[in-house]
Structure formats: structure tokens, C-alpha cells
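Take a look at the following structure, please.
Please treat every number below as a calculation from the coordinates, not as lab data. Worth saying up front: this structure is predicted, and the values here are computed from it rather than measured. A quick note on method: Cβ atoms are made from the backbone with ideal geometry, for glycine too, and the neighbour counts reach across all protein chains shown.
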């Protein structure tokens with residue numbers, strides 16, 4: 001797997017790569033003529049966040065992961081005669097508990113609902129009535145938004161949280177378990193964008209548990225005040241991450257998502273839940 005070109009994240013492609021031909025399944029590359037001939041029927045919307053990821057990963061980690069996973073999965077699906085189209089990534093997520101950390105950008109649930117509604121509304125006008133929302137940020141909550149949209153539009157919206165698709169087994173020597181800038185995310189980034197990973201300056205990713213008794217048990221939830229709960233902004237020990245582990249995990253994730261894309265692309269109206 002070749003390393004990721006960092007300018008691809010907000011510009012959505014590397015303008016210096018003059019040898020690459022536009023791919024019809026990648027919207028920021030495809031031209032109108034290609035799309036008219038191709039006629040995509042499943043859209044994939046990568047959605048990330050812009051936030052601190054410990055001391056060693058870039059703020060755009062979630063957007064890079066979402067974009068690269070969506071693009072690779074779409075490529076695999078395209079090669080199996082599916083007709084996906086990967087939309088430009090939404091780079092902002094809900095980070096209300098991290099707003100004290102420099103250059104974190106947070107959008108509210110109301111803003112996310114408006115963005116998602118306009119994407120669905122636009123696609124539905126063009127006859128694209130299947131959408132995969134590929135989420136890379138745990139703070140994004142989309143289920144209520146999807147329920148509302150499916151009641152308003154005749155569009156099947158499928159949520160895919162990439163971090164739940166394939167199980168990652170962290171190194172048993174890891175000092176702290178976690179879910180943010182941990183070994184899994186660091187391994188993915190070592191595979192996708194090794195030039196952006198500064199592993200030698202990573203914190204240990206420890207979590208300070210809640211002091212109020214009863215709030216740490218399963219079934220009880222409140223948002224973590226991130227800077228107090230995670231002093232280095234990470235959650236999980238990243239020190240045993242490797243590019244090889246990241247490549248293997250990336251391949252598992254993208255293979256699973258590719259098959260979802262294929263199945264949706266080939267689905268016929270009336271097949272539950274495509275009604």
C-alpha cells in the first residue's frame with residue numbers, strides 16, 4: 001500500500017500527481033462526461049473531525065482515515081461492477097468537549113443534520129437514492145438524523161462506523177486500552193500517512209477515570225471532559241503501532257465495506273430495507 005499524499009485531505013486530490021487519470025468513482029476527480037456515462041447509484045460520504053490526536057498524529061487523522069478507506073473500498077467495489085461515487089469528505093465533527101484544545105473545530109448536531117439533509121436532498125434529485133455515511137469519529141451521532149431523513153426522503157442511508165467493522169487486537173504489552181489515537185489509529189496512519197506521524201513524541205494515552213462513583217460502569221454515560229480525562233488528548237497506548245499492522249487492518253476494513261457497497265449497488269427496490 002503506497003503512502004498517503006497529505007494534500008489529498010482538504011483539496012481531496014494531489015494536484016502534483018499529473019500522471020493519474022481521473023477515476024469515475026471519485027467525485028473530486030471525475031468530470032461531467034465521465035459521470036454521465038458512468039451513472040453512479042451509490043454515494044459514499046466520508047465524515048471525519050478536526051481535533052487533537054495525542055501529540056503524534058495530525059488533527060486531520062479522522063478525515064484522512066475516512067477518505068482513504070472510502071476511496072479504497074469504492075475501488076474494490078468498482079472492480080466488482082458496482083457503481084459507487086465517493087463524495088468529498090466532511091472534515092468537521094462534534095468535538096464540543098475538546099474546544100479548549102487549540103485549533104479543534106466542532107460543529108453542532110443541528111449543523112451536521114443540515115449538511116447531511118442537503119447532501120441527501122441533492123442526490124435524491126439526481127436519482128441516487130442509496131448513501132453510505134462512512135464515519136471516522138466516535139463523537140458523531142448519526143442514527144437519529146438518518147431516521148429523520150428516511151422519513152422525509154426515499155433514500156436508503158446506511159451508517160458505517162469504520163472502527164467497528166473489523167476487530168483490532170492491540171499488543172498485550174500496551175499499558176492503556178483506548179479508542180482515540182491508540183495503537184489501531186496510529187497503525188492505520190503509519191500505513192496511510194507515515195510522514196505525518198511523530199511516534200517518538202506520543203503520550204501514553206492514559207485515561208483519568210471519573211471521580212464520581214458509578215459513572216464509570218457500563219450502561220452509564222456522560223461526555224468526557226477531554227483535557228481532564230485525557231491529558232495528552234489520546235486514549236490508548238500507541239507505542240506498539242506499526243505500518244504492517246495498519247496495512248493489514250486497512251485491508252480488512254476496506255474489504256468489508258466494499259462488499260456493502262457492492263450489495264447496495266446491486267440491490268433492487270423492494271428488498272428490505274431498500275423500499
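At a 10 Å Cβ-Cβ cut-off, how would you order 50, 109, 222, fewest neighbours first?
Listing 50, 109, 222 from fewest to most nearby Cβ atoms yields 222, 109, 50.
Here is a follow-up. If I stretch the segment between residue 148 and residue 200 completely, what's the gain in nm (0.36 nm per residue apart, minus their alpha carbon distance), one decimal?
14.2 nm
Here's a follow-up. So what does log10 I(q)/I(0) come out to for the chain at q = 0.13, 0.14, 0.16 Å⁻¹, using the Debye formula with one equal point on every Cα and no solvent?
At q = 0.13, 0.14, 0.16 Å⁻¹ the computed log10 ratios are -0.89, -1.02, -1.29.
So how tilted is helix 109-125 from the main axis of the chain? Cα-based, degrees 0 to 90, rounded to 10.
Rounded to the nearest ten degrees, it is 20.
Quick check: the angle from helix 61-78's long axis to the longest principal axis of the chain, C-alpha only, nearest 10 degrees?
It works out to around 30 degrees.
On to the next question. Ordered by packing density, taken as the mean number of other Cβ atoms within 10 Å over each peptide's residues, highest first, how do 164-170, 251-257, 238-244 rank?
Put in order of decreasing packing, that is 238-244, 251-257, 164-170.
Sorted from fewest to most neighbouring beta carbons within 10 Å, what does the list 117, 23, 173 look like?
173, 117, 23
Where the convex hull is taken over the Cα atoms of segment 135-233, what is its projected area averaged over directions, in nm²?
Projected over every direction and averaged, the Cα hull of segment 135-233 covers 9.1 nm².
With a ≥ b ≥ c the root eigenvalues of the C-alpha gyration tensor of segment 74-182, is it rounded (a/c under 1.5), prolate (a/b larger than b/c) or oblate?
Verdict is oblate for segment 74-182.
Which of 40, 223, 231 moves most in a GNM of the chain, Cα contacts under 10 Å?
223
So between residue 81 and residue 255, what do we pick up on full extension, going 0.36 nm a residue minus the alpha carbon distance?
61.2 nm
Related question: Given the C-alpha centroids of segment 244-269 and segment 163-179, what is the distance between them in whole angstrom?
21
Further, regarding this structure: Cut-off is 10 Å between beta-carbons; in what order do 128, 272 appear when sorted fewest neighbours first?
Ascending number of Cβ neighbours within 10 Å: 272, 128.
Between segment 113-158 and segment 33-95, how many Å separate their Cα centres?
The two parts, judged by their Cα centres, are 15 Å apart.
Just need the relative contact order of segment 64-108 here, percent rounded to a whole number, with Cα pairs under 8 Å and 6+ apart.
Relative contact order comes out at 27 percent.
If you count the DSSP beta bridges with both ends in the chain, what percent of them are antiparallel, to the nearest 5?
Restricted to the chain, the bridges split so that about 15 percent are antiparallel.
Can you tell me the length gained on complete extension of the stretch residue 269 to residue 34, counting 0.36 nm per residue apart and subtracting the Cα distance?
82.0 nm
Given R₀ = 22 Å, FRET efficiency for residue 216-residue 175 by Cβ-Cβ distance, to 0.05?
Approximately 0.75, to the nearest 0.05.
Sequence gap at least 6, Cα distance under 8 Å: using those rules, report the relative contact order of segment 22-266 to the nearest whole percent.
25
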